[in-house]
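*Asks:* Submitted below is the structure of interest, expressed as structure tokens.
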Amino acid sequence: MLEFVLERYNYWIVIILMMTGLYIVFSRGNLVKKLVGLNLFQTSVFIFYITLGKVAGGTAPILIGGHGGGHGEDQGGAHGEGVQNGGSYGSDAAHANDLASPVDGAQDAEPAAHGDGAGATYEAAADHGNDAGHAAANAAHGAAEVLYSNPLPHVLILTAIVVGVATTAVGLSLAVRIREAYGTVEEDELDAMDYEAEFGVPEPEGARS
């Protein structure tokens, strides 16, 4: 039982704050105290929504390193095409050697060797591009396995905090204006003054009980 309570301590904090704020709103006649109770109730709602968005072990939803895969693939593809071109060049040179005369074949041996060297160079470059592409893919796969928290409740609560501060400011300004007009912010005294102003007689004792 104790473990169940401790594992969900954030929800108990929400319940305590919410019930405390609700009790202050209903039990206190002072308008400023009612505003304090409303703010406690509002804070409990904020904590509740933020709690729902938080994931245990999660981090902020920020993606890192999104360009490595495309660069590796482009590089590997380009080098792969180079291998095909180099191989074709070497094959054409060898075929030309077969068709030529012995003298011509000796003269064309160097271009054939050049074609083979180009093919080998392109093969090494292709291996480099493939390695880069695999490394980028592994990095992207590792990033996909990262556990993120839900940012939507935090965004909503950020807006709600601004609205709550503005609402509290309006409530306090009304309390100040009522204090200037009636000389008090106690709800019972305000009701008695309104009753006397409307009917011309003091409000009877226990009329609102």
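The values are calculated or read from the model by the stated rules, or taken from the named source; none is laboratory data. All figures in this text were calculated on a predicted structure; none of them were measured in a lab. Here Cβ is always computed from backbone atoms with ideal geometry, including for glycine, and neighbour counts include all displayed protein chains. Surface accessibility is based on the protein's heavy atoms, side chains included, excluding ligands, DNA and RNA. Shrake-Rupley method; radii C 1.70, N 1.55, O 1.52, S 1.80 Å.
*Asks:* Going through region 34-64 one residue at a time, which ones are without any contact (Cβ under 8 Å) to a residue 24 or more places away in the chain, within 27 Å of the chain's Cα centre (by Cα) and within 22 Å of Val162 (Cβ to Cβ)?
*Replies:* Leu40
*Asks:* Here is a list: Glu180, Glu187, Glu205. Which entry is at pLDDT 80 or above and open to solvent by 90 Å² or more (accessible area, probe 1.4 Å)? Explain how you work it out, then say what you get.
*Replies:* Working: Glu187 fails: open to solvent by 90 Å² or more (accessible area, probe 1.4 Å); Glu205 fails: at pLDDT 80 or above.
Answer to the selection: Glu180.
*Asks:* Further question: Determine whether region 24-33 contains at least one residue that is on the phi > 0 side of the Ramachandran plot and surrounded by fewer than 13 Cβ atoms within 10 Å (Cβ to Cβ). Give the steps one after another, and end with the answer.
*Replies:* Of all residues in region 24-33, those on the phi > 0 side of the Ramachandran plot come to none.
No, that holds for no residue.
*Asks:* Additional query: Which residues, taken from region 5-33, are within 16 Å of Thr184 (Cβ to Cβ), without any contact (Cβ under 8 Å) to a residue 40 or more places away in the chain and in a helix (DSSP H, G or I)? Spell out the reasoning first.
*Replies:* Within region 5-33, the subset within 16 Å of Thr184 (Cβ to Cβ) is 28-33.
Now restrict to residues that are without any contact (Cβ under 8 Å) to a residue 40 or more places away in the chain: 28, 33.
Selection gives Lys33 alone.
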